[in-house]
Amino acid sequence: MRANKFTIWPTLTLSSLSAAMGTALSTTMLTVAPVGIVQAQTTCAAAWSSTAIYTAGNVASENDINYKANWWTQGNDPASNNGGSGSGQPWTSQGACGGSPTPAPTPTPTPTPTPTPSPGTTSGTVNFHLLLGAGTAEDQIVLTGDNYTDLIMSNVIAGAMYGHLVKEYYPGMQFNKDYLYGSILGQLLQENIATEYYVDTSNLIDPSPDQAAVMGVGQGGPYQINNYATDMVAGSYAPAGHSLINYVAIQKNIGYTMATAATQYSQPTPASFNNKYYGPMLTAYFHYNDFVSLIVTGTGPDGWITPWQPQYNNALANFKNLPNNFLDVLLNVAYNQGYYGGLVSSYSTLGATATAATVASVNSYSSVWGVQDTYQQYPYQVHYYLDQLYDNPIPTTSATTYSTPTNHVAFNIASLETVFSNVFQTLDYVNSSGSSVYISAAQAQTAFNTALTQAGVASSATLDLSNASDRAQIFSVLDYAISDLETDLGTQFNATTTSQL
């Protein structure tokens with residue numbers, strides 16, 4: 001990934017985690033049978049295994065002592081990593097135990113269970129963290145109890161904003177809504193090491209202790225903002241143009257100020273980046289910035305031409321006349337590999353003269369099946385996760401062997417309105433008095449309800465994100481709601497400022 005790249009939520013990518021651990025992560029998802037719970041007779045729980053994953057409350061034994069996990073942990077020896085629940089250690093000793101411990105189970109691959117379709121109810125499984133054609137998924141989210149729905153909603157809303165910003169800057173631009181609007185959610189699954197442990201009782205996208213490692217001093221958040229400030233003004237740290245901190249809508253809540261731009265790299269990432277309503281929206285602006293930056297920096301200082309121009313501009317012009325094109329692929333490689341890595345140039349070259357046949361070829365999983373280069377794999381990993389959510393055919397044992405998922409993600413319209421309101425209350429605008437204020441719940445709800453009428457969707461409806469026609473209605477409601485809110489506020493969501501609001 002590009003130097004100093006930051007993912008909005010506290011994350012560790014597979015490659016960065018692998019490097020940090022000094023070993024490659026397994027490409028096979030391993031499932032361990034439930035570990036034992038301490039019994040009254042203090043029998044020993046299953047023996048601790050260095051390869052097993054333990055979550056909060058799990059108990060394992062070592063040397064006739066039971067230990068309880070305080071949070072998600074793997075590879076941390078409980079005998080040397082234990083303390084009280086507030087000690088910062090992953091394990092807490094439960095005292096001596098007797099009897100022969102249950103042998104540690106042998107990790108075995110877990111199939112994707114077949115969910116039982118239930119219209120109007122969220123159900124199914126989404127597997128993630130994998131290289132297509134080079135192993136099986138390491139993690140999964142089980143869509144039961146509706147735990148993930150609000151998180152999915154906030155990411156889809158941010159994805160719709162992403163598309164809105166692109167079209168606001170470049171009127172007439174076309175793209176595949178399923179993949180571009182879904183890019184924010186697909187990125188969450190690929191980049192976030194602990195999405196499966198999300199709980200909807202908290203505003204944190206990632207509640208695991210791992211967040212501290214990626215939100216500390218010198219990590220991605222500060223660099224993310226400064227990289228754009230530097231790129232846009234030829235090396236200066238003064239935020240200008242399309243630096244993230246210059247966007248009116250996100251400036252008030254971002255956690256940094258223009259006055260501290262030059263020293264942001266030495267500060268920890270603000271907690272707001274991990275907020276489930278604000279974090280995905282920051283990611284939308286980050287991706288939009290890639291779209292803009294590839295245009296703005298394309299000629300470079302002193303007339304120097306970058307490697308992706310004029311192919312990139314020619315691709316954008318062609319995409320205006322090419323429905324369901326691969327703009328999302330082009331921007332995802334820009335995000336993941338960086339501008340100068342080569343993939344931006346190659347996909348721009350393809351896009352400049354692309355036809356419908358080119359789109360089909362680019363979008364084919366066979367183009368990366370078994371490829372070990374994670375930069376090439378990245379946009380297709382995003383597709384794969386979204387295709388699971390959307391019940392589109394996905395490759396299984398080969399690039400030409402497909403199965404169709406039967407997932408359901410129920411979007412209750414009343415709940416979607418609540419999440420829409422929560423998301424937009426984290427954004428700000430300049431009102432008629434010239435003051436920067438947060439968008440109110442009433443303003444967001446008014447725009448949303450107007451959008452329901454425009455899209456012909458009943459407020460009592462429940463739409464299934466996994467159904468193509470329902471998904472189109474969801475996108476329509478969000479498109480209308482964002483535009484209506486923008487009109488009602490008298491602002492543009494891609495507006496920038498050079499003043500601290």
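The values are calculated or read from the model by the stated rules, or taken from the named source; none is laboratory data. Just so we're clear, the structure is a prediction, and the values are computed from it rather than from any experiment. All Cβ positions, even for glycine, are placed from backbone atoms using ideal geometry, and neighbour counts span all protein chains on display. What goes into the accessible areas is simple: the full protein's heavy atoms, side chains included, and nothing from ligands, DNA or RNA. Shrake-Rupley method; radii C 1.70, N 1.55, O 1.52, S 1.80 Å.
When TRP304 is tested against (1) open to solvent by less than 20 Å² (accessible area, probe 1.4 Å); (2) among the aromatic types (Phe, Trp, Tyr); (3) over 26 Å from the mean Cα position of the chain (by Cα), only condition (1) is not met.
Filter region 255-291 for residues that are among the aliphatic types (A, V, I, L, M) and touching a Leu at 6+ places or on another chain (Cβ under 9 Å); which is nearest to TYR170 (Cα to Cα)? Once the filter is applied, the top-ranked residue is ALA284.
Any idea which of GLY370, GLY341 is outside any helix (DSSP H, G or I) and on the phi > 0 side of the Ramachandran plot? Answer to the check: GLY370.
With respect to GLN309, is the statement that it is of a type outside the set (Val, Ile, Thr) and either touching a strand residue (DSSP E or B) at 6+ places or on another chain (Cβ under 6 Å) or open to solvent by 10 Å² or more (accessible area, probe 1.4 Å) (or both) true? So GLN309 fits the description; yes. Within region 199-217, can you find the residues that are crowded, with 23+ Cβ neighbours inside 10 Å and under 19 Å from LEU465 (Cβ atoms)? Listed by number, the list holds a single entry, ILE205. Taken together, the residues in region 447-460 that are closer than 20 Å to ASN422 by Cα and open to solvent by less than 50 Å² (accessible area, probe 1.4 Å) amount to 4. None of SER415, SER421 is closer than 30 Å to ILE439 by Cβ, polar (S, T, N, Q), out of contact with any Pro (no Cβ under 7 Å at 6 or more places or on another chain) and buried (at least 17 other Cβ atoms within 10 Å of the Cβ) except SER421.
Residue by residue through region 320-339, note down the ones that are open to solvent by less than 10 Å² (accessible area, probe 1.4 Å) and closer than 18 Å to SER364 by Cα.
Initially, region 320-339 is screened for residues open to solvent by less than 10 Å² (accessible area, probe 1.4 Å), giving 325-336, 338.
If the condition is that a residue be open to solvent by less than 10 Å² (accessible area, probe 1.4 Å) and closer than 18 Å to SER364 by Cα, then ASN325, PHE326, LEU327, ASP328, VAL329, LEU330, LEU331, ASN332, VAL333 are the ones that fit.
Of all residues in region 257-290, those being closer than 24 Å to HIS164 by Cβ and not in a helix (DSSP H, G or I) number 4.
Residue-by-condition table, conditions (1) modelled with pLDDT of 95 or more; (2) farther than 30 Å from LEU463 by Cβ; (3) open to solvent by less than 60 Å² (accessible area, probe 1.4 Å):
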residue	(1), (2), (3)
GLY341	no, yes, yes
TYR347	yes, yes, yes
PRO379	yes, no, yes
HIS383	yes, no, yes
ASP387	yes, no, yes
THR400	no, yes, no
PHE411	yes, no, yes
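Condition check: within 21 Å of GLY135 (Cα to Cα), modelled with pLDDT of 60 or more and surrounded by fewer than 19 Cβ atoms within 10 Å (Cβ to Cβ). Does THR51 satisfy that? The answer is yes for THR51. When ASP464, ASP428, ASP484, ASP470 are checked against the criterion of being in contact with a Gly (Cβ under 8 Å, 6 or more places away or on another chain) and acidic (Asp, Glu), a single residue qualifies: ASP464. The residues of region 389-398 that are in contact with a Pro (Cβ under 7 Å, 6 or more places away or on another chain) and open to solvent by less than 30 Å² (accessible area, probe 1.4 Å) amount to a single one, ILE394. Checking TYR277, TYR265, TYR312 one by one, the residue that is more than 18 Å from SER348 (Cα to Cα), within 27 Å of the chain's Cα centre (by Cα), at pLDDT 95 or above and not basic (Lys, Arg) is TYR277 and no other.
Restricted to region 100-123, and to residues there that are over 20 Å from ILE193 (Cα atoms) and modelled with pLDDT of 65 or more, the residue that is most open to solvent (accessible area, probe 1.4 Å) is THR121. Looking across region 317-338, just one residue is over 19 Å from GLY182 (Cα atoms), part of a helix (DSSP H, G or I) and not polar (S, T, N, Q), and that is ALA317. For region 177-192, a tally of residues being open to solvent by less than 20 Å² (accessible area, probe 1.4 Å), in contact with a helix residue (DSSP H, G or I) (Cβ under 8 Å, 6 or more places away or on another chain) and not polar (S, T, N, Q) returns 8.
Taking only region 124-151 into account, find how many residues are on the phi > 0 side of the Ramachandran plot and either surrounded by fewer than 20 Cβ atoms within 10 Å (Cβ to Cβ) or among the acidic types (Asp, Glu) (or both). Steps first, please.
So the first thing to find is which residues in region 124-151 are on the phi > 0 side of the Ramachandran plot, and the list is 124, 129, 133, 135, 145-146.
Those left that are additionally either surrounded by fewer than 20 Cβ atoms within 10 Å (Cβ to Cβ) or among the acidic types (Asp, Glu) (or both): 133, 135, 145-146.
Qualifying residue count for the region: 4.
Per-residue answers, yes or no, for (1) β-branched (Val, Ile, Thr); (2) at pLDDT 90 or above; (3) out of contact with any Gly (no Cβ under 9 Å at 6 or more places or on another chain):
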residue: ALA194; (1), (2), (3): no, no, yes
residue: ILE205; (1), (2), (3): yes, no, no
residue: GLY216; (1), (2), (3): no, no, yes
residue: TYR223; (1), (2), (3): no, no, yes
residue: MET232; (1), (2), (3): no, no, no
residue: GLY235; (1), (2), (3): no, no, yes
residue: ILE254; (1), (2), (3): yes, no, yes
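Here is a list: SER476, SER466, SER499. Which entry is polar (S, T, N, Q), within 15 Å of TYR181 (Cα to Cα) and outside any helix (DSSP H, G or I)?
Numbers: SER476 fails: outside any helix (DSSP H, G or I); SER499 fails: within 15 Å of TYR181 (Cα to Cα).
Residue meeting the stated conditions: SER466.
Can you tell me which condition GLY172 does not meet? The list is (1) outside any helix (DSSP H, G or I); (2) modelled with pLDDT of 95 or more; (3) buried (at least 21 other Cβ atoms within 10 Å of the Cβ); (4) of a type in the set (Gly, Ala, Ser), and all the others hold. (3) is the only condition that GLY172 fails. Close contacts from region 169-190, counting a first residue that is touching a residue at least 40 places away in the same chain (Cβ under 8 Å) and a second that is of a type in the set (A, V, I, L, M, F, W, C) and open to solvent by 30 Å² or more (accessible area, probe 1.4 Å), with Cβ to Cβ under 9 Å and a gap of 6+ residues or different chains, come to TYR169/ILE295; TYR170/ILE295; LYS177/ALA472; ASP178/ALA468; GLN190/LEU14. Assessment of region 300-309 against the conditions (closer than 30 Å to ASP428 by Cβ and not hydroxyl-bearing (Ser, Thr, Tyr)) yields no matching residue.
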